[in-house]
1. Label-point separation (nm) for Thr46 and Ala31, each offset 7 Å from Cα along Cα-to-Cβ?
2. Per residue, what accessible area does the chain have, given a 1.4 Å probe and all protein chains present, in Å²?
3. Order Arg23, Arg80, Arg61, most accessible first, counting only protein heavy atoms with a 1.4 angstrom probe.
4. What label, among (1) 1.03; (2) 0.91; (3) 1.07, belongs to Rg/Rh (Cα atoms, Kirkwood Rh) computed from the structure on display?
5. Using the Karplus equation 6.51 cos²θ - 1.76 cosθ + 1.60 (θ = phi - 60°), what ³J(HN,Hα) coupling, rounded to whole Hz, does each residue of the range 3-11 give in order, writing x for Gly and Pro?
6. Can you put His37, His27 in order of accessible area, largest first, using a 1.4 Å probe?
7. Between 0 and 90 degrees, rounded to the nearest ten: what's the tilt of helix 83-109 against the longest Cα principal axis of the chain?
8. First compute the accessible area of the range 1-96 with a 1.4 Å probe, then give the percent of it belonging to carbon and sulfur atoms.
Amino acid sequence: MSEHTEDLRLAEAGALDVTLYSRPGCHLCEAAKAAIHPLLEEFGATLHEINIDGDPVLTERYGWDIPVLFVGARKAAKHRINVKQLRRQLKEAKENAGQAHLVMVRKKGA
C-alpha cells in the first residue's frame, strides 16, 4: 500500500508549516483561518490550506471532522482552534527548529 501524497507532504513539513484541512462553506474552517492568521504572521509560519473535497481519500479520512490543523507533521487541533494552545505549539516549533539548525551548523563546523 502506497502512502497518500498528502501524508508524504506532511511528513516533510517544516516546523512552521501549518496545514489546515477544510472545505468551502465550512463556518468552523473560516473561523479557524481567522483565528490563526495573526499567529502565522507572529511566528513567520506558512499556511497550506487543503480542500478535502478535492481528494476522495482526504474526504473519507476527515469527512465532517473539519477543520483539522497540523503544525509541522503533528496534529494541533480539530474543530475549534484554541489560540493560546496554538501559540504555545508554534513557539515550541520555532524554538525546536532553531535548535535543530544550530546542531546542523555545529556538525558542519566541528
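1. Between Thr46 and Ala31, the simple spin-label model gives 3.0 nm.
2. Value returned for the chain: 65 Å² of accessible area per residue.
3. So, going from the largest accessible area down, we get Arg80, Arg61, Arg23.
4. (1)
5. Those phi angles translate into 6, 5, 4, 5, 5, 5, 4, 5, 4 Hz.
6. His27, His37
7. Taking Cα atoms only, the helix is inclined about 40 degrees.
8. Summing carbon and sulfur atoms, their accessible area is 52 percent of the total for the range 1-96.
The values are calculated or read from the model by the stated rules, or taken from the named source; none is laboratory data. Because the structure is predicted, anything quoted here is derived from the model rather than measured. Neighbour counts run over all protein chains shown; Cβ positions are idealised from the backbone, glycine included. Surface accessibility is based on the protein's heavy atoms, side chains included, excluding ligands, DNA and RNA. Shrake-Rupley method; radii C 1.70, N 1.55, O 1.52, S 1.80 Å.
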